[in-house]
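Here is the structure we will look at, set down as structure tokens.
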Amino acid sequence: MLSILVATDSSTLRDALRSIITPTKDMKLIGCIENHAEIIPRARELSPDLVILDTSFVPDSLASVIDTIVGQNSKVLLIGGEMDNAQIIDALFRGASGVIGRKSTADLVCRSIRAVVSGEFWISRQVTSKLIEVLRTESHGDGNGNNNPAIARMLNRTNRPPGTVSGDNKFGLTKRELQVISALVEGQSNKDIAATFGVSEYTVKHHLTNVFDKLGVYNRLELVLFAIRHQLCIAPDEAAVTTVPEASAPAKKSPRQR
């Protein structure tokens, strides 16, 4: 059972979340907080797996609330109001694991809860692209983001044990898989990567599925974080386009985001 604490002063939102969580077999709603002064004490007392936090509930103290809740080993899933990409990224750097909209469907809410509690990030593709851009420009040098404590914290959240290791070859990755990872870190879409290497988008998806399986990551953001953390990006000359086109490979069915 996933224990969940909801923090919002909106009765409509509380009722909606209660109606979604209560009948769900693998989830248990252990409390609803209506007074922002009670968030930290109740979270400390109940030690939930997840705190669903309404960002408009604590607009002036969101960062410190996230810091404290995460420091108590609970995950934080935000319900965003008018947050822009920069604010969402800052919340993720502070330790939040995802953001959903106030009008999310019941299925989406349940999926996001399970993903976040299991250690995944839950954010939109648009925010993912912006976040990758920030990581790419600020986590240079030793690749660990040591010049930026927020980025270093985020990179350290993705230290998943790899699924496959093969001798000196990093995590059993092929050269083409490393090339695809490097292109992804550079912000390229599947279409861009396909054009760069003269292959189909199906082939790119096939490579990404194999990479996800080998590294134990679940989406593009986690892959980028893992790649930066473990310095998997190869040098530009090594990532040069090959002259021999590859045959298209069928995309492997997977729930992971490719």
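Using the Kirkwood radius built from alpha carbon pairs, what does the Stokes-Einstein equation give as D for the stretch 2-123 at 20 °C and 1.002 mPa s, in µm² per second? Intermediate results must be reported in sequence, preceding the final value.
Values: Rh = 13.9 Å.
The estimated diffusion coefficient comes to 154 µm²/s.
Given charges of +1 on the Cβ of Lys and Arg and -1 on the Cβ of Asp and Glu, with all other atoms neutral, how large is the dipole of the stretch 2-123 about its Cα centre, in debye to the nearest 20?
Roughly 420 debye for the stretch 2-123.
So for Lys191, Lys130, fewest C-beta neighbours within 10 Å to most, what's the order?
Arranged by neighbour count, lowest to highest, Lys191, Lys130 become Lys191, Lys130.
Measure off 7 Å from each Cα along the Cα-to-Cβ vector at Gln72 and Lys175, then give the distance between these two points in nanometres to one decimal.
The two pseudo-label positions are separated by 5.3 nm.
Any chance you could run the full-extension gain for Ser129 through Ala150? It's 0.36 nm times the residue separation minus the Cα-Cα distance, nm to one decimal.
Contour length minus the Cα-Cα distance gives 5.8 nm.
So if we plug the beta-carbon distance of Ser189 and Glu45 into 1/(1 + (r/R0)^6) with R0 = 41 Å, what FRET efficiency do we get, rounded to 0.05?
0.35
To the nearest 0.05, how large is the calculated FRET efficiency for Asp60 and Ala37 if R₀ is 22 Å and r is the Cβ-Cβ distance?
FRET efficiency, Asp60 to Ala37: 0.95.
Would you kindly state how much longer the chain becomes between Met1 and Lys103 on full extension, computed as 0.36 nm times their sequence separation minus their alpha carbon distance, in nm to one decimal?
Values: separation 102, 0.36 × 102 = 36.72 nm, distance 2.47 nm.
Extending this stretch completely gives an extra 34.2 nm.
What is the list of residues in the stretch 88-111 whose amide nitrogen lies under 17 Å from a point 7 angstrom out from the Cα of Asp26, following Cα to Cβ?
106-111
What ranking of Arg94, Arg136 emerges when the number of other C-beta atoms within 10 Å of each C-beta is taken as an exposure proxy, fewest first?
Working: Arg94 19, Arg136 15.
Placing the least packed residue first, the sequence is Arg136, Arg94.
For a quick check: with amide H placed at 1.01 Å from N, whose amide H comes under 5 Å from Leu2's, ignoring anything fewer than 5 positions away on the same chain?
Long-range HN contacts for Leu2: Met27, Lys28.
Rule-based calculations on the coordinates, nothing more; no lab input. This structure is a prediction, so every number in the text was calculated from the model and none was measured. A quick note on method: Cβ atoms are made from the backbone with ideal geometry, for glycine too, and the neighbour counts reach across all protein chains shown.
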